[in-house]
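Shown next, in structure tokens, is the structure this report addresses.
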Amino acid sequence: MKSTPQKYGTGAVTIHWVSAALILVQLVSGFRAASTVDDAAKEAILAMHAPLGFVILVLTIARILWWQFVDNKPAPVAGDPVWQTFAAKAVHVMFYIVLLGMAASGIGTMVASGAGQILSGAVDAPLPDFSEYAPRVPHGIGARLMVGLFVFHAGAAIYHHFVKRDGLLARMWYGAN
């Protein structure tokens, strides 16, 4: 379950890949909901998007607690320039900040607009115009930042795997390194 100085443990690997998959689903569903004009389709998308966002929040908090109290991260890959090690740490910190901000702004949007009650079925009403609610703006900015972070993160992993061939990507997978 725990990491070694060379490899991430199964706990960290599982949280990473489950989070990554769910974040991709959230990005696709969020952008789809934002561009959908059909209210029924938007409501169906958001009925999945909102609770999935809460799951990602729980996983993000679990990951923070995992690294704080349970496990230690492997050492940086040997031979990387200092700026790459710094950039990797900065991107990971930004992921946490953006994920927590997305959760806060998503919850804020649902509460302020009353959409949480509509999506849960407690209130029978049309969805509101989310652009009228202040938390919607940082939520949209966060989504775009998340896309950028994802592209940068995945690009760096691909670079390490195919160009540097240093085993970095294998460190974040199951089994022996």
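The values are calculated or read from the model by the stated rules, or taken from the named source; none is laboratory data. What you see is a predicted model, and the numbers here were worked out from it, not measured in a lab. Glycine also receives a Cβ, built like all others from the backbone with ideal geometry; neighbour counts cover every protein chain displayed.
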> Is segment 78-86 home to any residue that is small (Gly, Ala, Ser) and either exposed (fewer than 15 other Cβ atoms within 10 Å of the Cβ) or closer than 24 Å to Val37 by Cα (or both)?
Replying inline: yes
>> Yes or no: segment 73-91 includes at least one residue that is within 26 Å of Leu52 (Cβ to Cβ) and modelled with pLDDT of 95 or more.
In response: yes
>> I need a count of the residues in segment 98-123 that are under 19 Å from Val55 (Cα atoms) and exposed (fewer than 13 other Cβ atoms within 10 Å of the Cβ).
In response: 1
>> With the requirement that a residue be in a helix (DSSP H, G or I) and without any contact (Cβ under 8 Å) to a residue 24 or more places away in the chain, what does segment 68-83 give you?
In response: Gln68, Phe69, Val82, Trp83
> Just wondering, is there one or more residues in segment 39-47 that are under 21 Å from Ala156 (Cβ atoms), at pLDDT below 95, acidic (Asp, Glu) and surrounded by fewer than 18 Cβ atoms within 10 Å (Cβ to Cβ)?
Replying inline: no
>> Residue pairs, Cβ under 8 Å, 6 or more apart or interchain, first in segment 1-28 and within 30 Å of Gly140 (Cβ to Cβ), second polar (S, T, N, Q) and at pLDDT 95 or above. List them.
In response: Ser19/Thr60
>> Please go through segment 124-140 and give me each residue that is surrounded by fewer than 16 Cβ atoms within 10 Å (Cβ to Cβ), under 24 Å from the mean Cα position of the chain (by Cα) and over 16 Å from Ala33 (Cβ atoms), ordered by number.
In response: Ala134
> Quick one: how many residues across segment 10-32 are modelled with pLDDT under 95 and either part of a loop (DSSP other than H, G, I, E, B) or among the small types (Gly, Ala, Ser) (or both)?
Replying inline: 2
> Under the condition of being within 23 Å of Glu132 (Cβ to Cβ) and more than 14 Å from the chain's Cα centre (by Cα), which residue from segment 1-38 is surrounded by the most Cβ atoms within 10 Å (Cβ to Cβ)?
Replying inline: Ala33
